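Asker: The structure follows.
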Amino acid sequence: MGKVRKYVIEIIGIILALIWLAPFYLMVVNSFKTKREIFVDTLRLPEKFTFKNYTEAFERLDFIQTFFNSLLITVISVGIIIVFSSMAAYALSRRKRKISSLIFFIFVGAMLIPFQSVMIPLVYIFGKMNMLNRIGLIFMYLGFGSSLSIFLYHGTLNGIPKALDEAATIDGANRFQVFWYVIFPMLKPITVTVAILNTIWIWNDYLLPSLVINKEGIQTIPLKMFFFFGEYTKQWHLALAGLTIAIIPVIISYFFAQKQIIKGISEGAVK
Amino acid sequence: MRKQSLWYWLFLFPVLIALTVVVIIPFIFGLYYSFTNWNGIQSTEFVGFKHYIKLFQDGEFLHSIWFTTKFAIASVFFINFFGLILALIVTQKLKTSKIMRTIFFMPNLIGGLILGFIWQFIFIKVFAGIGDLLHVEGFRGWLSTTETGFWGLVILMSWQMAGYIMVIYIAYLENIPQELLEAAEIDGANSFQRFRHITFPLVAPAFTVSMFLTLSNSFKLYDQNLSLTGGGPYDSTQMVAMNIFKTAFSENQMAYAQSKAVIFFLIVTVISLTQVYFNKKREVEM
């Protein structure tokens, strides 16, 4: 009975997996068709695979530039979040005072505030400070990303004995040295989680960049995609090629870092 | 003593500044603006609860709240249903378990905006194609009615998030002691009984986490809403987040939009906290 049951479950799983893949399959298959062919038949394989859609979409998306815009903002933001959140969490976990609990509570509580509730004054304030630019955007990512990151670091830091800090201090290290040379290297697994969660969020974020950096030439992938798509809604062949191009870097990264990504997500979600 | 705490504040300084400038100050300003006739440039007059009274008579806003609520209920149900099923399948130690996990999780890595565009193509073009093939009228004209737009959003969200929720359920399923299940099997419990009395109670905490995530994500949905239906037809599939955005930046009614944002904050907070409270209570009883 066990074997038959396993067999049935496996078949159900495979069917579900195929359903899950279907949207990607249909997107890719149709991206190789001509405009007319998509209009006539979306379900069949293309008569002749044409790469023309791709070269055209690649060009109109200005993809190399757009890709590096996204990369720049994501890498800097995630780096800053890691550095400052881990330091803050360390401070909060090492000095157990009332003020530490209060600050920690404020950071965690801030997670409950939906973005829309601060969006309008945020844009106004940053506009006044002339900070509706990439630096402003990165600073915003630090503000919004620090809560969860501090929360995750804090949990791990509480499990690292203070005796370690004390030993290093006796050897003559100051706080910065203790943290960067002794403690931070021990945080590597949770740093990976923090990096993955923030990367996925910032790489894919649309709303915040749309409010902050809506300038030609510095647009990120989701931003560029939005305008590209609006322009080509009736030209599915180009739109689909554009979507596929936008997804390819993500799928490649997933292929290489799959284990860390799923582990990072589950750690971030279960805590 | 002073010197000792210097490092403490230095370590905290960058994130405290960022949180204050990005979240706390805008939140307080926003609260204040919602009681004035602020127009995005200057606020001159204190108008009390005027905006709040107005929004409870605003048919479009009330519709967006109702639509969002219905959407959240449906998507929480389907996401958790599929999430648990997928988790149960991939934890069976099948040959294809690993590749299945990879596939089910994949949509979560791609942005909601892009996923919405992909599904727009599926619903509009592919569904029409299936409708022609099978001569079924129901497949045509998807996203052109409120009803199909609603289910379009639910399908998109379930497809996207089930894999994420699966990962959470897997974490708890893998912690269930095997001896417990084996002992129950020896005692003659069938697989349904084992699921009902052992597996299900032990994954209850996963349900708390996943319900919190799915509920708040569904309520705050914006990108997918924007790219899949754009709120159409006639704003009937417009959710709260999108309604606030439109009021502020398309209609330029800043103070009014901000009062909606305050109500939105209250709704999300109350729902999140109530949900966690009740689920925690249920866990203890089990």
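Asker: Give me the residue from region B:151-175 that is open to solvent by less than 20 Å² (accessible area, probe 1.4 Å) and among the aromatic types (Phe, Trp, Tyr) and, out of that set, nearest to A:ALA269 (Cα to Cα).
Answerer: B:TYR169
Asker: Further question on the same structure: Is it true that some residue in region B:142-164 is outside any helix (DSSP H, G or I), away from chain A (no Cβ under 11 Å) and within 23 Å of A:TYR25 (Cα to Cα)?
Answerer: yes
Asker: When you check B:LEU55 against the structure, is it in contact (Cβ under 8 Å) with a residue 60 or more places away in the chain and aliphatic (A, V, I, L, M), yes or no?
Answerer: Criteria met by B:LEU55.
Asker: Any chance region B:196-214 includes a residue that's under 23 Å from A:LEU16 (Cβ atoms) and at pLDDT 90 or above?
Answerer: Scanning region B:196-214 turns up at least one residue that is under 23 Å from A:LEU16 (Cβ atoms) and at pLDDT 90 or above.
Asker: Any chance region B:186-203 includes a residue that's outside any loop (DSSP other than H, G, I, E, B), of a type outside the set (Ser, Thr, Tyr) and within 11 Å of chain A (Cβ to nearest Cβ)?
Answerer: No, region B:186-203 contains no residue that is outside any loop (DSSP other than H, G, I, E, B), of a type outside the set (Ser, Thr, Tyr) and within 11 Å of chain A (Cβ to nearest Cβ).
Asker: Within region A:26-42, how many residues turn out to be outside any helix (DSSP H, G or I), more than 10 Å from chain B (Cβ to nearest Cβ) and open to solvent by 10 Å² or more (accessible area, probe 1.4 Å)? Before the answer, list the steps.
Answerer: Of region A:26-42, the ones outside any helix (DSSP H, G or I) are A:32-34, A:41-42.
The next check asks that each one be more than 10 Å from chain B (Cβ to nearest Cβ); those that pass are A:32-34.
Keeping just the survivors that are open to solvent by 10 Å² or more (accessible area, probe 1.4 Å) gives A:32, A:34.
Number of matching residues: 2.
Asker: Could you count how many residues in region A:128-141 are aliphatic (A, V, I, L, M) and either within 7 Å of chain B (Cβ to nearest Cβ) or closer than 27 Å to B:PHE219 by Cβ (or both)?
Answerer: 2
Asker: Against the condition small (Gly, Ala, Ser) and at the interface with chain B (Cβ under 9 Å from one of its Cβ atoms), how does A:ALA239 come out, does it pass?
Answerer: yes
Asker: Any idea which residue in region B:237-253 is nearest to the other protein chains (Cβ to nearest Cβ), counting only those that are open to solvent by less than 20 Å² (accessible area, probe 1.4 Å) and in a loop (DSSP other than H, G, I, E, B)?
Answerer: So the residue we want is B:MET239.
Asker: Given the residues A:ILE125, A:ILE196, A:ILE120, which is the only one that is within 9 Å of chain B (Cβ to nearest Cβ), within 29 Å of B:PHE265 (Cβ to Cβ) and surrounded by 21 or more Cβ atoms within 10 Å (Cβ to Cβ)?
Answerer: A:ILE120
Asker: Of the residues that sit in region B:23-61 and are of a type in the set (A, V, I, L, M) and within 16 Å of B:VAL262 (Cα to Cα), which one is nearest to the chain's Cα centre (by Cα)?
Answerer: Among those residues, the one meeting the criterion is B:VAL23.
Asker: Taking A:PHE256 as meeting all but one of (1) in a helix (DSSP H, G or I); (2) buried (at least 20 other Cβ atoms within 10 Å of the Cβ), write down the number of the exception.
Answerer: (2)
Asker: Could you list all residues from region A:95-109 that are facing another protein chain (nearest Cβ under 10 Å), open to solvent by 20 Å² or more (accessible area, probe 1.4 Å) and of a type outside the set (Gly, Ala, Ser)?
Answerer: Going residue by residue through region A:95-109, those that are facing another protein chain (nearest Cβ under 10 Å) are A:95, A:97, A:99-100, A:103, A:106-107, A:109.
Retained after the next criterion (residues that are open to solvent by 20 Å² or more (accessible area, probe 1.4 Å)): A:95, A:97, A:99, A:106, A:109.
Once the filter is applied, which keeps residues that are facing another protein chain (nearest Cβ under 10 Å), open to solvent by 20 Å² or more (accessible area, probe 1.4 Å) and of a type outside the set (Gly, Ala, Ser), region A:95-109 yields A:ARG95, A:ARG97, A:ILE99, A:ILE106.
Asker: While we're looking at this one, here's another question. Could you please find all residues in region B:66-85 being crowded, with 16+ Cβ neighbours inside 10 Å and not β-branched (Val, Ile, Thr)?
Answerer: Hits for region B:66-85 are B:PHE67, B:PHE71, B:ALA72, B:ALA74, B:SER75, B:PHE78, B:ASN80, B:PHE82, B:GLY83, B:LEU84.
Asker: Does A:VAL78 satisfy being at negative phi and open to solvent by 50 Å² or more (accessible area, probe 1.4 Å)?
Answerer: It is false that A:VAL78 is at negative phi and open to solvent by 50 Å² or more (accessible area, probe 1.4 Å).
Asker: Return the total of residues in region A:154-176 being within 11 Å of chain B (Cβ to nearest Cβ) and in a helix (DSSP H, G or I).
Answerer: Counting residues in region A:154-176 that are within 11 Å of chain B (Cβ to nearest Cβ) and in a helix (DSSP H, G or I) gives 2.
Asker: Additional query: Looking only at region B:30-50, filter to residues that are more than 7 Å from chain A (Cβ to nearest Cβ) and assigned to a helix (DSSP H, G or I); which one of those is farthest from A:MET129 (Cα to Cα)?
Answerer: So the residue we want is B:LYS50.
Asker: Is region B:264-274 home to any residue that is more than 9 Å from chain A (Cβ to nearest Cβ) and either over 17 Å from the mean Cα position of the chain (by Cα) or open to solvent by less than 20 Å² (accessible area, probe 1.4 Å) (or both)?
Answerer: no
Okay, residues lined up against (1) within 8 Å of another protein chain (Cβ to nearest Cβ); (2) of a type in the set (A, V, I, L, M, F, W, C):
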| residue | (1), (2) |
| --- | --- |
| B:PHE13 | no, yes |
| B:ILE28 | no, yes |
| B:ASP58 | no, no |
| B:PHE67 | no, yes |
| B:GLY83 | no, no |
| B:ALA87 | no, yes |
| B:LEU94 | yes, yes |
| B:GLY111 | yes, no |
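Asker: Would you mind stating whether B:VAL262 is within 22 Å of B:ALA204 (Cα to Cα) and touching a residue at least 60 places away in the same chain (Cβ under 8 Å)?
Answerer: no
Asker: Return the pair list, or none, for Cβ contacts closer than 7 Å from residues in region B:86-98 that are crowded, with 17+ Cβ neighbours inside 10 Å to residues that are part of a helix (DSSP H, G or I) and aromatic (Phe, Trp, Tyr), at least 6 apart or on different chains.
Answerer: Listed by first residue and then by second, the contacts come to B:LEU86/B:PHE104; B:ALA87/B:TYR169.
Asker: Within 12 Å of another protein chain (Cβ to nearest Cβ), buried (at least 20 other Cβ atoms within 10 Å of the Cβ) and touching a Leu at 6+ places or on another chain (Cβ under 7 Å): is that true of B:VAL126 in this structure?
Answerer: Against the criterion (within 12 Å of another protein chain (Cβ to nearest Cβ), buried (at least 20 other Cβ atoms within 10 Å of the Cβ) and touching a Leu at 6+ places or on another chain (Cβ under 7 Å)), B:VAL126 qualifies.
Asker: Kindly state which helices (runs of 4 or more DSSP H) lie completely within region A:46-138 and contain at least 2 residues that are closer than 30 Å to B:TYR33 by Cα and without any contact (Cβ under 8 Å) to a residue 12 or more places away in the chain. Even if it seems obvious, please write down each step before you answer.
Answerer: On the way: elements: A:52-60, A:63-94, A:98-110, A:115-128.
So the answer is A:98-110, A:115-128.
Asker: Could you check B:PHE219 against (1) under 24 Å from A:LEU148 (Cβ atoms); (2) open to solvent by less than 30 Å² (accessible area, probe 1.4 Å); (3) more than 9 Å from chain A (Cβ to nearest Cβ) and say which number it fails?
Answerer: The number of the failed condition is (3).
The values are calculated or read from the model by the stated rules, or taken from the named source; none is laboratory data. Quick caveat, the model's predicted, so the values are computed rather than measured. Ideal geometry is used to build each Cβ from the backbone, glycine not excepted, and the neighbour counts take in all protein chains shown. Keep in mind that these areas ignore ligands, DNA and RNA; they rest on the heavy atoms of the full protein, side chains included. Shrake-Rupley method; radii C 1.70, N 1.55, O 1.52, S 1.80 Å.
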